Amino acid sequence: MLAKRIIPCLDVKNGQTVKGVNFENLKYAGNPVELAKKYSEEGADELVFLDITATNEGRKTTLNMVEKVAEQVFIPFTVGGGINSIEDIHNLLLAGADKISLNSAAVLKPELIEKAANRFGSQCVIVAVDSQKIDGDFFVFINAGKKNTGIKVYDWLKKVEKLGAGEILLTSMNTDGTQNGFDLEITKLASENLNIPVIASGGAGANPQHFIDVFKYSNADAALAASIFHYGTLPIPQLKNALKCNGIIVR
């Protein structure tokens, strides 16, 4: 069995790390460069950096900030936000990103997934999917969770896998920021029906059981969290020790 990965996420707005609940009411959570360095030193397996307002503001991800973060980390580093072209991806990889995350652009221009996978390799291409359950069905949202595409999550996941995505970052908007635990239903559905890795996101609290549950009751390959790491309520070494004690293989 492959070791499960623990991934801190830096949601960045105006050069600062922020965190909200259900994608709303964003609050300051720290300096992204300082946090990135801390997580790399604490034993995080990877790091995700999302420029969460780039798409809605019609701009590119800030390359200068990406370069500063890349200088501080020695673990795989994923960047997302405002990516619309092969040139954007190329520039981010040059700035120090190891992988890129496509969300809104993937929905609006699915061919970008295939082009990126062919040009840079599937291992570089993560498709981020923001999922919300409405009337019993899971739907894909874009524009930082502001717009319902009407596309069912399961159909979209199968499509992006065929297009060459190397991994899925699956965020449940229903549980995001609540700290009540991951959305096991959608995570299980996705991870058991895809042949590419799934990163569970949205809802992790300071209780290690949330991570134990998502790894035991789904086939998630990794779990992503933000506020519990930013505010120090569940340090990464403590979390990994709890996972090991429960028979879950971690690095």
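The values are calculated or read from the model by the stated rules, or taken from the named source; none is laboratory data. On a predicted model such as this, the values are computed, not experimentally measured, just so you know. A quick note on method: Cβ atoms are made from the backbone with ideal geometry, for glycine too, and the neighbour counts reach across all protein chains shown. Remember, those area values only see protein heavy atoms, side chains included, never the ligands or the DNA or RNA. Shrake-Rupley method; radii C 1.70, N 1.55, O 1.52, S 1.80 Å.
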Check: Looking at (1) open to solvent by less than 50 Å² (accessible area, probe 1.4 Å); (2) at pLDDT 95 or above; (3) within 20 Å of Ala200 (Cα to Cα), which is the one condition that is false for Phe49?
Finding: (2)
Note to self: Residues that are more than 23 Å from Glu41 (Cβ to Cβ) and either touching a residue at least 24 places away in the same chain (Cβ under 8 Å) or not polar (S, T, N, Q) (or both): does region 238-251 have at least one?
What the structure shows: yes
Note to self: Restricting to region 170-187, name every residue that is outside any loop (DSSP other than H, G, I, E, B) and either among the acidic types (Asp, Glu) or open to solvent by less than 10 Å² (accessible area, probe 1.4 Å) (or both).
What the structure shows: Leu170, Ser172, Glu185, Ile186, Thr187
Margin query: Taking the condition of being modelled with pLDDT of 95 or more and part of a helix (DSSP H, G or I), how many residues in region 218-251 meet it?
Written below: 10
Notebook entry, point to check: Could you count how many residues in region 159-192 are at pLDDT below 95 and of a type in the set (Phe, Trp, Tyr)?
Noted result: 0
Next item on the list: Can you run down the residue pairs with Cβ atoms below 6 Å, 6 or more apart or on separate chains, where the first is in region 171-188 and under 20 Å from Leu10 (Cα atoms) and in contact (Cβ under 8 Å) with a residue 24 or more places away in the chain and the partner is among the aliphatic types (A, V, I, L, M) and open to solvent by less than 40 Å² (accessible area, probe 1.4 Å)?
Entry: Ser172/Ile186; Phe182/Ala200; Phe182/Val214
